[in-house]
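A short write-up of the structure that comes next.
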Amino acid sequence: MADRVTVIGWDGSPLTAAARSALGAATLVAGAAHHLALPEVPATAERIRLGSVALAARRIAAHRGTAVVLADGDPGFFGVVRTLRAPEFGLEVEVVPAVSSVAAAFARAGMPWDDAHVVVAHRRTLRRAVNVCRAHTKVAVLTSPGAGPAELGLLLEGVHRTFVICEELGTDREQVTVVTSDKAADHTWRDPNVVIVIGGPATAADGGGWIAGRDPGAGPRGWALPAGAYGGGLGEGETDLLRTAQLARLGPRVGDLVWDIGAGGGAFAVDAARCGAAVIAVDRDPDACGRTTATARRFGVQLQVVHGTAPHILENLPEPDVVRVGGGGVAVVSAVADRRPQRIVAHAATRDSAELVGRDLTEHGYDVECALLQSVELDTRAWTEKERSVAFLLSGRLPERSL
């Protein structure tokens, strides 16, 4: 095992005295090509081109001597420190930090970033990173080859955003470019880069917030609020109890894309967006689309409203994680199930209709649950019944992706 492992962050600034001292004593140095070309790297040290951090960690663990790992930005922020400290390698590391690439990018843009979300995009997480950009007004994306500004722009089709693209920060080739998201695919961008994605209304409180990222206390307390909170005009399938149960079954969260088909007044779509998920609200009624847009604006959340009739309008929408079917019956449920979201909820007014929907979900391989929900609203002045609603709630869950 290496006698000592020092991880040095590099942001393009001259190395600190501590970093120079560690490098001067190193018998093994790991880093990218531009790190290994630094004049402070001893000529006699073994050099490892840093590709897979896990492979480099195994080499370092087997090395007898003093090792140094060079990494861009702050190596403890989505960096190499997490892998090097994995128990399987048994390494104890010291860290000499630098300014993170995210902090540098926001500094170049002259913007605060305590209210920003930070995500990592590579081929496996690109879609989830894009969903965060759909849902939130300020996001920093740490990109990778094959998951860069062009790919982000293509997957954000239909959602307008501004990209601040910071290429090769800290080097002589550093460049900052501002483009709209629909133009990002027209260029070739140099790695590494950080993309700041901006769009929608600013929601930060005057004088700054109290927690990094999205303020969980923004907006009224609670979900599935009474109809009046959404401007009124909600349909029979948008009752408080039904929406509460639907949210519980779907569990929308940050990084998810939710389809709300038959959005009506937009109450469920807004509730899902308030959970941090990206939402596409679909309705064939242009007035319903207008109400959904107005409701989202009232609550200060981001969502995309699509006017069209399901199931045909669904063909060109991006892949969903969870779906609420608020209207359209078995035909729409079947089209949704063909896209294989993790979870689907629907409701029916009669048992026969519920059986048809449940059977279709079962045939598509979903585990199906059904519950009869009944709610009675009481006038608390006289404790008499004001309104009664009854609905069958169906939920489908793919067994292999249930967690």
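Does segment 130-150 include one or more residues that are open to solvent by 60 Å² or more (accessible area, probe 1.4 Å) and touching a residue at least 60 places away in the same chain (Cβ under 8 Å)? No, there is no match, as no residue in segment 130-150 is open to solvent by 60 Å² or more (accessible area, probe 1.4 Å) and touching a residue at least 60 places away in the same chain (Cβ under 8 Å).
Only strands (runs of 3 or more DSSP E) whose full extent lies in segment 1-82 are considered here, and the ones with at least 2 residues that are free of Cβ contacts under 8 Å to residues at least 40 places away in the same chain and farther than 17 Å from Gly170 by Cα are 46-49.
Could you pull out the residue among Ala346, Ala331, Ala335 that is part of a strand (DSSP E or B), at pLDDT 95 or above and under 20 Å from Asp285 (Cβ atoms)?
Details: Ala331 fails: part of a strand (DSSP E or B); Ala335 fails: part of a strand (DSSP E or B).
Among Ala346, Ala331, Ala335, only Ala346 is part of a strand (DSSP E or B), at pLDDT 95 or above and under 20 Å from Asp285 (Cβ atoms).
A single member of Asp287, Asp283, Asp240 is open to solvent by 10 Å² or more (accessible area, probe 1.4 Å), among the acidic types (Asp, Glu) and without any contact (Cβ under 8 Å) to a residue 12 or more places away in the chain, and it is Asp287.
Restricting attention to segment 84-127, which residues are of a type outside the set (Lys, Arg) and under 18 Å from Leu28 (Cα atoms)? Step through it out loud before you land on a result.
Start the filter on segment 84-127 by keeping residues that are of a type outside the set (Lys, Arg), which leaves 84, 86-107, 109-122, 125-126.
Listed by number, the residues that qualify are Leu84, Phe89, Gly90, Leu91, Glu92, Val93, Glu94, Val95, Val96.
Filtered by the rule that a residue be on the phi > 0 side of the Ramachandran plot and surrounded by fewer than 19 Cβ atoms within 10 Å (Cβ to Cβ), segment 328-363 gives Gly329, Arg340.
If the condition is being farther than 19 Å from Val279 by Cα and not hydrophobic (A, V, I, L, M, F, W, C), then segment 228-252 contributes Gly228, Gly231, Gly232, Gly233, Gly235, Glu236, Thr239, Asp240. If only residues of segment 1-34 that are out of contact with any strand residue (DSSP E or B) (no Cβ under 7 Å at 6 or more places or on another chain) and farther than 25 Å from Pro192 by Cα are counted, the one that is most open to solvent (accessible area, probe 1.4 Å) is Met1.
Within segment 251-267, if we keep just the residues that are touching a residue at least 60 places away in the same chain (Cβ under 8 Å) and open to solvent by 10 Å² or more (accessible area, probe 1.4 Å), the residue that is nearest to Ala346 (Cα to Cα) turns out to be Gly262. Check segment 93-115 and report whether any residue there is over 23 Å from the mean Cα position of the chain (by Cα), open to solvent by less than 20 Å² (accessible area, probe 1.4 Å), at pLDDT below 95 and of a type outside the set (Phe, Trp, Tyr). For segment 93-115, residues over 23 Å from the mean Cα position of the chain (by Cα), open to solvent by less than 20 Å² (accessible area, probe 1.4 Å), at pLDDT below 95 and of a type outside the set (Phe, Trp, Tyr): absent. How about segment 297-326: which of its residues are surrounded by 24 or more Cβ atoms within 10 Å (Cβ to Cβ) and under 18 Å from Ala227 (Cα atoms)? Matches in segment 297-326: Val301, Gly326.
Against the test of being open to solvent by less than 20 Å² (accessible area, probe 1.4 Å), in contact with a strand residue (DSSP E or B) (Cβ under 9 Å, 6 or more places away or on another chain) and either in a loop (DSSP other than H, G, I, E, B) or of a type outside the set (A, V, I, L, M) (or both), the options Gly158, Gly153 yield a single qualifying residue, Gly153.
Of all residues in segment 361-382, those that are closer than 20 Å to Thr350 by Cα have Cβ atoms under 7 Å from Cβ atoms of residues that are surrounded by 14 or more Cβ atoms within 10 Å (Cβ to Cβ) and of a type outside the set (A, V, I, L, M, F, W, C), 6 or more apart or on another chain, in Leu361/Gly396; Val368/Gly358; Val368/Gly396; Glu369/Ser395; Cys370/Gly358; Ser375/Thr239; Ser375/Ser389. Within segment 179-191, does at least one residue satisfy the condition of being at pLDDT 90 or above, buried (at least 21 other Cβ atoms within 10 Å of the Cβ) and among the β-branched types (Val, Ile, Thr)? Checking segment 179-191: not a single residue is at pLDDT 90 or above, buried (at least 21 other Cβ atoms within 10 Å of the Cβ) and among the β-branched types (Val, Ile, Thr).
The values are calculated or read from the model by the stated rules, or taken from the named source; none is laboratory data. A quick note: this is a predicted structure, and the numbers were derived from the prediction, not measured. As a convention, Cβ positions derive from the backbone with ideal geometry for all residues, glycine included, and neighbour counts pool all protein chains shown. Heads up: the accessible areas ignore ligands, DNA and RNA and are worked out on the full protein's heavy atoms, side chains in. Shrake-Rupley method; radii C 1.70, N 1.55, O 1.52, S 1.80 Å.
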